[in-house]
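The values are calculated or read from the model by the stated rules, or taken from the named source; none is laboratory data. What you see is a predicted model, and the numbers here were worked out from it, not measured in a lab. FYI the Cβ positions are ideal-geometry reconstructions off the backbone, even for glycines, and counts take in every protein chain you see.
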Amino acid sequence: MTRLHVDELYASDPHTEREISRSFPLPVSPVGKAVNITSKTSTLVVTGRGVLHAIVVNNKGSGSNTCKIYDGTDAGGTLLGTILTDDKLGAIPYGIRFTVGLFILTEVGTQADLTVVYAD
């Protein structure tokens, strides 16, 4: 099957946007679920296997605020990554599997507003 980029479709006939979207629907796959974290806390997002798609920093933290990501049901699990939220804004893609569970520990400074996007 030949896949065309959206710009190529519109370039071929800019007057048929509605017809193109009906004829060539763009695939949309649900990414999964989301959990919003707005305070310094321990969050067991989900137990069991799954995929961490991204952590979205909606509003930056300050004072060396961190978000630690674990494969486990608590901070004793395997550390998958640490985000310093002071200088990040937007989605941070991961695309990594977890096997025991997805646990997030947010600590230090002023808490960022985070969204954890995952599939179980």
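Would it be correct to say that LEU26 is modelled with pLDDT of 95 or more and either surrounded by 12 or more Cβ atoms within 10 Å (Cβ to Cβ) or not in a strand (DSSP E or B) (or both)?
Details: modelled with pLDDT of 95 or more: no; either surrounded by 12 or more Cβ atoms within 10 Å (Cβ to Cβ) or not in a strand (DSSP E or B) (or both): yes.
So LEU26 does not fit the description; no.
Being among the polar types (S, T, N, Q) and in a strand (DSSP E or B) is the filter; apply it to the stretch 83-120 and report the residue that is nearest to THR41 (Cα to Cα). Before the answer, list the steps.
If we filter the stretch 83-120 for residues that are among the polar types (S, T, N, Q), which is where we start, we get 85, 99, 106, 110-111, 115.
Add one more test, that the residue is in a strand (DSSP E or B), and what stays is 106, 110, 115.
Working: THR106: 5, THR110: 12, THR115: 14 Å.
That would be THR106.
Quick check, is VAL100 touching an Asp or Glu at 6+ places or on another chain (Cβ under 9 Å), surrounded by 18 or more Cβ atoms within 10 Å (Cβ to Cβ) and of a type in the set (A, V, I, L, M, F, W, C)? Taking the combined requirement at face value, the residue does not satisfy it.
Filtering the stretch 30-55 to residues that are within 14 Å of the chain's Cα centre (by Cα) and surrounded by fewer than 19 Cβ atoms within 10 Å (Cβ to Cβ) leaves PRO30, VAL31, GLY32, LYS33, ALA34, VAL35, ASN36, VAL51, ALA54.
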